[in-house]
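The values are calculated or read from the model by the stated rules, or taken from the named source; none is laboratory data. Note that this is a predicted model, so its numbers are computed, not measured. Cβ sites come from the backbone with ideal geometry, for glycine too, and all protein chains shown count toward neighbours. Note: accessible area is taken over every heavy atom of the protein model, side chains too, but ligands, DNA and RNA are not part of it. Shrake-Rupley method; radii C 1.70, N 1.55, O 1.52, S 1.80 Å.
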Amino acid sequence: MSPAFKGILYSSIAGMATTLGGIPFLLWRKEVSRKALDMLLGFAAGVMLAATAFSLVVPSIELGGPLRFVVGFLLGGIFVHIMDKFAPHEHLIKGYEGPLPHSKLAKIWLFVIAITIHNFPEGMAVGVGAFTKEAITIAVAIGIQNIPEGAAVAASLTGAGYKRGKTFWITFLTGAVEVAGGLVGALLIVIAKPLLPYAMAFAGGAMLYVISDEVIPETHSGGFELLSTYSLIFGFIIMTLLDNILG
């Protein structure tokens, strides 16, 4: 199996884990507590954090050295920052972000844009990682964190009153975005393999920006900071152990 095909396949499997996580909340129509949402997202953040550190940052430095890592990592963070600033989007907890005045797009499409901005780097990480020995580890990491993330998305949409069909397709879309990211990441390395250390660092920087700027602040804004923090620690431990086992 070629690395490019592997990247697309792995990102598809990891992305579809989002839908898997959302299925129970599509069947169980009761509103999920903010406490449960913060714990789910905290766990996902911990998994993402460990994957960023051990599956993207360390291999990037090993492949290209510190300078390439710094350049790619900074560009990844700056890229998400620019998209956050100039693309109108809506978070279920934080609310509207983007250029003022408030966009006239429907709220549901603003949420879709937010998903695209934040999940694309995850798919790219899987697509790029397919060209390294960390391929399985990165795919498993993204897949694991997508399960609670998908659960949080489906639960939040259900709680906001969206119908089951629309909730399913939006949850599915969160995974589809990662497939697109995986395709871009894989094609990028096929075209220019020397970009691999930059691309791994770029994906890591983008993911860390999302964790710090979006996920952690949202889980710490509802009064359950301690629980979300321990959930993050638990997620970090699980992914670190898996990284060692799979590695």
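Summary table
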| quantity | calculated |
| --- | --- |
| Inter-residue pairs, beta-carbon under 6 Å, first over 29 Å from R164 (Cβ atoms) and in the range 1-23, second surrounded by fewer than 18 Cβ atoms within 10 Å (Cβ to Cβ), 6+ apart | A4/V190 |
| Residues satisfying the stated conditions in the range 17-54, i.e. at pLDDT below 90 and among the hydroxyl-bearing types (S, T, Y) | T18, T19, S33 |
| Pairs where the first residue, in the range 234-247, is touching a residue at least 12 places away in the same chain (Cβ under 8 Å) and the second is outside any loop (DSSP other than H, G, I, E, B) and surrounded by fewer than 20 Cβ atoms within 10 Å (Cβ to Cβ), C-beta under 8 Å, 6+ apart | L246/I136 |
| Residue count, the range 227-239 (criterion: within 18 Å of E134 (Cα to Cα) and open to solvent by less than 30 Å² (accessible area, probe 1.4 Å)) | 1 |
| Enumeration of residues in the range 202-226 that are farther than 27 Å from M83 by Cα and crowded, with 16+ Cβ neighbours inside 10 Å | F224 |
| Test: residue in the range 174-187 that is under 13 Å from the mean Cα position of the chain (by Cα), open to solvent by less than 10 Å² (accessible area, probe 1.4 Å) and of a type in the set (S, T, Y) | yes |
| Filter result for the condition that a residue is assigned to a helix (DSSP H, G or I) and free of Cβ contacts under 8 Å to residues at least 60 places away in the same chain, over L208, L173, L195 | L195 |
| Residue ID - farthest from the chain's Cα centre (by Cα), chosen from residues in the range 154-170 that are basic (K, R) and assigned to a helix (DSSP H, G or I) | R164 |
| Those residues of the range 156-173 which are in contact with a Ser or Thr (Cβ under 7 Å, 6 or more places away or on another chain) and open to solvent by less than 30 Å² (accessible area, probe 1.4 Å), in sequence order | L157, T158, T167, T171 |
| Positions within the range 112-136 being part of a helix (DSSP H, G or I), over 14 Å from the mean Cα position of the chain (by Cα) and buried (at least 24 other Cβ atoms within 10 Å of the Cβ), in sequence order | V128, G129 |
